[in-house]
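Below: the structure, in structure tokens.
The values are calculated or read from the model by the stated rules, or taken from the named source; none is laboratory data. Predicted model only: the values in this text are computed from it and were never measured. Every residue, glycine among them, receives a Cβ derived from its backbone with ideal geometry; neighbour counts consider all protein chains shown.
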Amino acid sequence: MARNRHLEALLKKEGALRARAEQRVVELERELQGARAPRPTASNSSLPPSANPIGAKPPVIKKPTGRKPGGQIGHKGKSRTLLPVEQVNRLVAHRPVVCAECQQAIAPDASGEVVGRHQVAELPPTAVEITEHQALACRCGRCGHVSRGLIPDEVRASVTGPRLSAAIGLLGASMKGSRRAIAQMLREVLGCPMALGSVCAREKELCRALAGPHEALVAAAAHAKIKYVDETGWKLRGKSRWLFVSADREQVVFHIDKARTRPAFAALYGNDVRPNGRPRGIFCTDRAGIYDILSIKSRQLCWAHLGRDFVAALERDGAGAPAATEMLGVYHDLFESWHRFTGKQIRRSELRAAIEPLRTRMHQALTQGAAGRKTKTAGLCRSLLKREEALWRFARTPGLEPTNNLAERMLRPAVIWRKKSFGSASLTGCHYVERMLSVIETLRLRGHATLAYLANAVAAHRQGIPTPAILPRELKPTLSHTTTPERIEPNLRKIA
């Protein structure tokens, strides 16, 4: 019996390979005959716009509006706001020398009121404050014994303070600077020469300091009701890895794994999964097979991905073109109703009523496409028919969107980091990427200052105490100190 099952599995595998080979032969024959299959572009595949082949149409064609460049009438402008007086470093008072009416001299200590304010920001020649700790040896005046002072261990633990260590990590992880660029920035802009090894040491320290907060974010993400999940490639010593992301409205979690598999997806949430291995909650994903581990009742397919699939089906032309045209029509009508709902023009009950005829149209188009002779279009339609319920869950689930754009936006900084750094050189480097991206994006979502939190995390790690948790969106961390004016410089200026 076991041998028969093994042979059946091999036969099924060989049949799938043969079907793919036959499809490839058909495509090559079409190319030889001049009827080439449509090239993959950003409009009909997952290619980014930057990877579009030469001559391909841009995914979004912007039509001229006829409006003048710049802010439009009615647009609420934004300008630089003045800092409170207690937060500036220096005050310069500009007093009148003589009376503008009678030319009488005005006493230097005459009282006055502020009638104008202007603030100028400048970078000091040396922005980093360097403190030297010296251990002194002193001779006792009574017995003549020489005693040596000791530099505290917490001081000797690092050559940088918590804020500078946090800034080094932020320059690399958030602003995507290389280690050499960070060292150049420290030397030429901040006036603090630093070796590349010291930059790497600060990253390792930050990695250890953020281990606790990352675990807390993983636990919180596992219990979130709605999650947006996606993945992209990564590198470890030049070998392929996969970077997974799970995002919701409160936290973002990243995880690097060896392969793009179902266990790797479940590992994104640590050990907090159901007995059947399925993570908890409702998920918005693309059509990748690894997400089939999820129940169809807890899944929403991303319509942005489906739109590109429909465009590819239409560009293949042939018997599947009518079904693809109808599916694209449903796609555009769906987003028109969704934008009216998000713009508060209609209620959810009206949204659901508008979706019902779209469901009927989509089912008919999928059935028509699945019965066609176009192999790829028919396969797409059969795949969506199996997951048809996951197409419309957003209409009746508050807080759920029809696209996976939140996860895509969270992945964009990681993709830029990968392109500039070519991935990681060690497992510790992978952990650093996971923790820094998770913490930075979560802080940004909750509206907290990134540098202040990273500095507090480093300070807590050096003191051997738990790293503080990231506060919820409503709570703001209190400032540890406030900047007070160092001095007030009178600058007398004659007013004519």
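Filtering segment 236-282 to residues that are among the aromatic types (Phe, Trp, Tyr) and either more than 21 Å from residue 436 (Cβ to Cβ) or touching an Asp or Glu at 6+ places or on another chain (Cβ under 8 Å) (or both) leaves 242, 244, 254, 265.
Part of a loop (DSSP other than H, G, I, E, B) and not assigned by TED's automatic domain parsing to the domain that holds residue 299: which single residue out of 459, 469 fits that description? Break it down into steps so the answer makes sense when it comes.
Working: 459 fails: part of a loop (DSSP other than H, G, I, E, B).
Criteria check complete, one pass: 469.
Residue count for segment 348-396 under the criterion of being closer than 16 Å to residue 296 by Cα and of a type in the set (S, T, N, Q): the result is 1. For segment 48-95, the set of residues classified as loosely packed, with under 10 Cβ neighbours inside 10 Å and assigned to a helix (DSSP H, G or I) consists of 50, 86, listed by residue number. Filter segment 226-272 down to the residues that are part of a loop (DSSP other than H, G, I, E, B) and either in contact with a Ser or Thr (Cβ under 8 Å, 6 or more places away or on another chain) or farther than 20 Å from residue 213 by Cα (or both) and list them by number. Selection gives 237, 238, 250, 251, 258, 259, 260, 261, 268, 269.
Would you please name the residue that is nearest to residue 252 (Cα to Cα), looking only at residues in segment 379-405 that are of a type in the set (A, V, I, L, M) and surrounded by fewer than 20 Cβ atoms within 10 Å (Cβ to Cβ)? Give the derivation first.
Of segment 379-405, the ones of a type in the set (A, V, I, L, M) are 380, 384-385, 390-391, 395, 400.
Okay, now just the ones that are also surrounded by fewer than 20 Cβ atoms within 10 Å (Cβ to Cβ), so 385, 400.
On the way: 385: 31, 400: 16 Å.
Within segment 379-405, the match that is nearest to residue 252 (Cα to Cα) is 400.
Please indicate, with yes or no, whether at least one residue in segment 418-430 is touching a strand residue (DSSP E or B) at 6+ places or on another chain (Cβ under 9 Å), of a type outside the set (Val, Ile, Thr) and within 13 Å of residue 254 (Cα to Cα). Show your work before the answer.
Restricting attention to segment 418-430, the residues satisfying the condition of being touching a strand residue (DSSP E or B) at 6+ places or on another chain (Cβ under 9 Å) are 418, 421-427, 429-430.
Subset that is of a type outside the set (Val, Ile, Thr): 418, 421-427, 429-430.
Pick out the ones that are also within 13 Å of residue 254 (Cα to Cα) and you get 430.
Checking segment 418-430: at least one residue is touching a strand residue (DSSP E or B) at 6+ places or on another chain (Cβ under 9 Å), of a type outside the set (Val, Ile, Thr) and within 13 Å of residue 254 (Cα to Cα).
In the set 95, 163, 156, only one residue is touching a Leu at 6+ places or on another chain (Cβ under 8 Å), under 30 Å from residue 204 (Cβ atoms) and not small (Gly, Ala, Ser); that residue is 163. Among the residues of segment 209-239, just one is buried (at least 17 other Cβ atoms within 10 Å of the Cβ), of a type in the set (Lys, Arg) and more than 15 Å from the chain's Cα centre (by Cα), namely 235.
The one condition from (1) part of a helix (DSSP H, G or I); (2) in contact with a strand residue (DSSP E or B) (Cβ under 8 Å, 6 or more places away or on another chain) that residue 397 does not meet is (1). In the condition set (1) touching a strand residue (DSSP E or B) at 6+ places or on another chain (Cβ under 8 Å); (2) in a loop (DSSP other than H, G, I, E, B), residue 284 is compliant with all but (2). Has segment 351-358 got any residue that is over 20 Å from residue 233 (Cα atoms), outside any helix (DSSP H, G or I) and among the charged types (D, E, K, R)? Checking segment 351-358: not a single residue is over 20 Å from residue 233 (Cα atoms), outside any helix (DSSP H, G or I) and among the charged types (D, E, K, R). Between 442, 428, the distinction of being at pLDDT 90 or above, of a type in the set (S, T, N, Q) and buried (at least 19 other Cβ atoms within 10 Å of the Cβ) belongs to 442 only.
Within the bounds of segment 99-110, is there any residue that is more than 38 Å from the chain's Cα centre (by Cα), outside the structural domain of residue 305 (by TED's automatic domain parsing), in contact (Cβ under 8 Å) with a residue 60 or more places away in the chain and in a loop (DSSP other than H, G, I, E, B)?
Restricting attention to segment 99-110, the residues satisfying the condition of being more than 38 Å from the chain's Cα centre (by Cα) are 99-110.
Now drop any that are not outside the structural domain of residue 305 (by TED's automatic domain parsing), which leaves 99-110.
Next, only the ones that are in contact (Cβ under 8 Å) with a residue 60 or more places away in the chain stay: 100, 108.
From what's left, in a loop (DSSP other than H, G, I, E, B): 100, 108.
Among the residues of segment 99-110, at least one is more than 38 Å from the chain's Cα centre (by Cα), outside the structural domain of residue 305 (by TED's automatic domain parsing), in contact (Cβ under 8 Å) with a residue 60 or more places away in the chain and in a loop (DSSP other than H, G, I, E, B), which makes the answer yes.
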